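Okay, structure first, notes after.
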Amino acid sequence: MNQHYVGLDVSLDQTSLCVLDGAGQVVCETKVDTDPAAIAACLCRAGVSVARLGLEAGPLSQWLYAGLVASGLPAICIETR
């Protein structure tokens, strides 16, 4: 199965989600509720094999990171500074 890479742009109510394939082509762009279970369910429905999922460090990042990892997703938290 092809590996995919996911980027999250997190805000309080909704999170923008972008999935790229191994060649860097956009496979899916959508918005979901800012909730680890909603993000995991969206990726499950998309049927992609996630190699890495990145989210920017911020006020919700610890909670989201923990929930995404608990869902079995290979999440990393990125500090932009």
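The values are calculated or read from the model by the stated rules, or taken from the named source; none is laboratory data. Bear in mind the structure is a predicted one, so any value in this text is a computation, not a measurement. Here the Cβ is made from the backbone with ideal geometry for all residues, glycine too, and neighbour counts use every protein chain on show. Ligands, DNA and RNA are excluded from the accessible area calculation, which covers all protein heavy atoms including side chains. Shrake-Rupley method; radii C 1.70, N 1.55, O 1.52, S 1.80 Å.
Take the residues in the stretch 66-77 that are more than 13 Å from residue 5 (Cβ to Cβ) and either among the β-branched types (Val, Ile, Thr) or part of a helix (DSSP H, G or I) (or both), then tell me which one is least open to solvent (accessible area, probe 1.4 Å). Before you say what the answer is, go through the steps one by one.
Taking the stretch 66-77 as the starting set, the residues that turn out to be more than 13 Å from residue 5 (Cβ to Cβ) are 66-72, 77.
Within this subset, residues satisfying the condition of being either among the β-branched types (Val, Ile, Thr) or part of a helix (DSSP H, G or I) (or both) are 66-70.
Values: 66: 56, 67: 19, 68: 0, 69: 66, 70: 90 Å².
This residue is 68.
Tally time: how many residues in the stretch 29-53 are open to solvent by less than 60 Å² (accessible area, probe 1.4 Å) and out of contact with any Phe, Trp or Tyr (no Cβ under 8 Å at 6 or more places or on another chain)?
Step one: of the stretch 29-53, the residues open to solvent by less than 60 Å² (accessible area, probe 1.4 Å) are 30, 32, 34-36, 38-43, 46-51, 53.
Next cut, out of contact with any Phe, Trp or Tyr (no Cβ under 8 Å at 6 or more places or on another chain) only: 30, 32, 34-35, 38-43, 46-49.
Residues in the stretch 29-53 being open to solvent by less than 60 Å² (accessible area, probe 1.4 Å) and out of contact with any Phe, Trp or Tyr (no Cβ under 8 Å at 6 or more places or on another chain): 14 in total.
Grab the strands (runs of 3 or more DSSP E) fully contained in the stretch 10-65, keeping just those with 2 or more residues being within 9 Å of the chain's Cα centre (by Cα) and touching a residue at least 24 places away in the same chain (Cβ under 8 Å).
Here the list reads 14-21, 49-56.
Based on this model, can you work out whether residue 26 counts as surrounded by fewer than 13 Cβ atoms within 10 Å (Cβ to Cβ), in contact with a strand residue (DSSP E or B) (Cβ under 7 Å, 6 or more places away or on another chain) and among the hydrophobic types (A, V, I, L, M, F, W, C)? Steps first, answer last, please.
On the way: surrounded by fewer than 13 Cβ atoms within 10 Å (Cβ to Cβ): yes; in contact with a strand residue (DSSP E or B) (Cβ under 7 Å, 6 or more places away or on another chain): yes; among the hydrophobic types (A, V, I, L, M, F, W, C): yes.
Considered against the rule, which asks whether it is surrounded by fewer than 13 Cβ atoms within 10 Å (Cβ to Cβ), in contact with a strand residue (DSSP E or B) (Cβ under 7 Å, 6 or more places away or on another chain) and among the hydrophobic types (A, V, I, L, M, F, W, C), residue 26 comes out as yes.
Provide a single number: the residues in the stretch 4-23 that are open to solvent by less than 80 Å² (accessible area, probe 1.4 Å) and closer than 16 Å to residue 76 by Cβ.
Total meeting the criteria: 10.
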